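Below is one structure, written out as C-alpha cells; comments come after it.
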Amino acid sequence: MPELPEVETIRRQLEPEVVGRRIVEVEVLDERWTRPERPGKLERAVAGRKIEAVDRRGKYLILRLEGDRALVMHLRMTGNLLLREAGAGEAVADLMETDRLGGPRLYESTPQLRFLRARMVLDDGSELLFTDARRFGHAIALVGAEIHAYFAERLGIEPLDGGLTPEGILELAEGRRAPLKSFLLSQRGIAGIGNIYADEALWRARLHPLSPAGSMKLEHCEDLAEAIVETLEVALANGGSSIDDYRDARGEMGSMQDEFLVHTREGEGCFRCGEVIRRVLVAGRSTYFCPGCQRRLRRRPRRRAKARTAR
C-alpha cells in the first residue's frame, strides 16, 4: 500500500502542474471508487471547479477546490494517480498498457490503464487518471466543515510537520499492550506509516516490533521519533518504494526498495550487527527485524493505586 512518502511524492509532482487548472470533466468508470455515494454525486460536486491546492493528510491525497470543497482520494493497496499531458496521443480507451504517461523516466513501467477507474479532464487538456488493479481505492467529495471532521476522526499526528515529539509518542503509547509494529500501523496515532516504513523505523530505533508499545520509556520514544522522521525523509528522497504496483504521477517507479535496511531482507545479514534478518507476522502483516540488535522491551508494570488509609 502506498504510504506517506509515496503519496507525498505524487502531491509534489502534481502541485505545480494542476494548481490553478479547472476540472472540466469527471468520469467515474467504476462505482466502487465512490461507494457508498453514487458516482454522479461526486462528478457533479467536482466538475467545473478550479484546483486551488494539492494537499496530503496521512496517506490521503487532497485536491482543494474553489468553493471550500475538496476531492479526497485514498490509493489503498494498488491505486495510482497519473497525470497524462495534453496532446499525449490517443483516447484513453485506446491506450495500450505499454504506452507511456508523462515525461522522461528512470525506469520502464506499466501504468496498466486497463485498470482505469476514474478520469478527470483539466482545462489545458491534461488528464488525471486513477488506476487500481484491486479496486480498493476510494474517493469522496467533501465541503466546508466536513473536510476537517473527516480527517479528525481518522488520523493522528503528522510526522513530518514538526508535531511528532518523544513526549507525544510516550503519551500515545501509555498503557498500550499492542506490539510496537501494530502501534505504528494505527493511523489514529501517527498518520502515514504503513508496513514498510514501520519496519524500517523500528530497525533504525533498535526496537523489536513485538515489544509492547507501553513498555517504552522516554529515551526509546526519542529514538523512535528520530527514526520515523529519518526513514520517511530518506524514502521521499528516493521517490517512495515500488515493490508492487506503486507508480508516481508520471508513471515512474520509486527507488527506495533498493535502500531497505530490513524490510523484505529475510535471511540476509543485518547491516548493523550481521545477525540474520527474520520475518514474523504481526497483525497479519509480514514484519522484518533483526533479533541481534533490535531490543525487545518488557511490559512495564502498571502503577498501583496507593492503598487508602483506614480510618
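The values are calculated or read from the model by the stated rules, or taken from the named source; none is laboratory data. Bear in mind the structure is a predicted one, so any value in this text is a computation, not a measurement. So basically every Cβ, Gly included, is an ideal-geometry build from the backbone, and we count neighbours across all protein chains shown.
I need a count of the residues in region 9-47 that are over 20 Å from residue 116 (Cβ atoms), without any contact (Cβ under 8 Å) to a residue 60 or more places away in the chain and either in a helix (DSSP H, G or I) or of a type in the set (D, E, K, R) (or both).
Here the count works out to 5.
Does region 215-228 contain at least one residue that is touching a Lys or Arg at 6+ places or on another chain (Cβ under 6 Å) and assigned to a helix (DSSP H, G or I)?
Yes, because at least one residue in region 215-228 is touching a Lys or Arg at 6+ places or on another chain (Cβ under 6 Å) and assigned to a helix (DSSP H, G or I).
Taking into account only those residues within region 237-253 that are of a type in the set (D, E, K, R) and under 15 Å from the mean Cα position of the chain (by Cα), which is farthest from residue 14 (Cα to Cα)? Write out each step before concluding.
Here is the first cut: in region 237-253, the residues of a type in the set (D, E, K, R) are 244-245, 247-248, 250, 252.
Now drop any that are not under 15 Å from the mean Cα position of the chain (by Cα), which leaves 244-245, 247-248.
On the way: 244: 22, 245: 19, 247: 13, 248: 10 Å.
Per the criteria, the residue is 244.
Can you work out which of the residues in region 254-269 that are within 25 Å of residue 12 (Cα to Cα) and of a type in the set (A, V, I, L, M, F, W, C) is surrounded by the most Cβ atoms within 10 Å (Cβ to Cβ)?
Among those that are within 25 Å of residue 12 (Cα to Cα) and of a type in the set (A, V, I, L, M, F, W, C), it is 256.
Taking residue 171 as meeting all but one of (1) touching a residue at least 60 places away in the same chain (Cβ under 8 Å); (2) farther than 22 Å from residue 260 by Cβ, write down the number of the exception.
(1) is the only condition that residue 171 fails.
List, please: which pairs have Cβ atoms under 8 Å, are six or more places apart or on different chains, and start with a residue in region 102-129 that is charged (D, E, K, R) and end with one that is modelled with pLDDT under 50?
Filtered contacts from region 102-129: 114/97; 119/92; 127/92.
Residue by residue through region 132-184, note down the ones that are in contact with a helix residue (DSSP H, G or I) (Cβ under 8 Å, 6 or more places away or on another chain) and under 22 Å from residue 49 (Cα atoms).
Those that are in contact with a helix residue (DSSP H, G or I) (Cβ under 8 Å, 6 or more places away or on another chain) and under 22 Å from residue 49 (Cα atoms): 138, 139, 140, 141, 142, 143.
Taking into account only those residues within region 186-236 that are under 20 Å from the mean Cα position of the chain (by Cα) and of a type in the set (Ser, Thr, Tyr), which is farthest from residue 58 (Cα to Cα)?
Filtering region 186-236 for residues that are under 20 Å from the mean Cα position of the chain (by Cα) and of a type in the set (Ser, Thr, Tyr), the one farthest from residue 58 (Cα to Cα) comes out as 231.
Within region 22-75, can you find the residues that are more than 30 Å from residue 229 (Cα to Cα), among the small types (Gly, Ala, Ser) and surrounded by 18 or more Cβ atoms within 10 Å (Cβ to Cβ)?
45
Answer yes or no: is there a residue in region 183-206 that is at pLDDT below 95 and surrounded by fewer than 15 Cβ atoms within 10 Å (Cβ to Cβ).
Within region 183-206 (the criterion being at pLDDT below 95 and surrounded by fewer than 15 Cβ atoms within 10 Å (Cβ to Cβ)), the answer is no, since none of the residues qualifies.
Within region 240-249, is even one residue within 30 Å of residue 35 (Cα to Cα) and in contact with a strand residue (DSSP E or B) (Cβ under 6 Å, 6 or more places away or on another chain)?
Here is the first cut: in region 240-249, the ones within 30 Å of residue 35 (Cα to Cα) are 240-249.
Those still in the list that are in contact with a strand residue (DSSP E or B) (Cβ under 6 Å, 6 or more places away or on another chain) too: 247, 249.
Yes, region 240-249 has at least one match.
Mind counting the residues in region 250-285 that are of a type in the set (S, T, N, Q) and either out of contact with any strand residue (DSSP E or B) (no Cβ under 8 Å at 6 or more places or on another chain) or at pLDDT below 95 (or both)?
Summing the residues that are of a type in the set (S, T, N, Q) and either out of contact with any strand residue (DSSP E or B) (no Cβ under 8 Å at 6 or more places or on another chain) or at pLDDT below 95 (or both) in region 250-285 gives 2.
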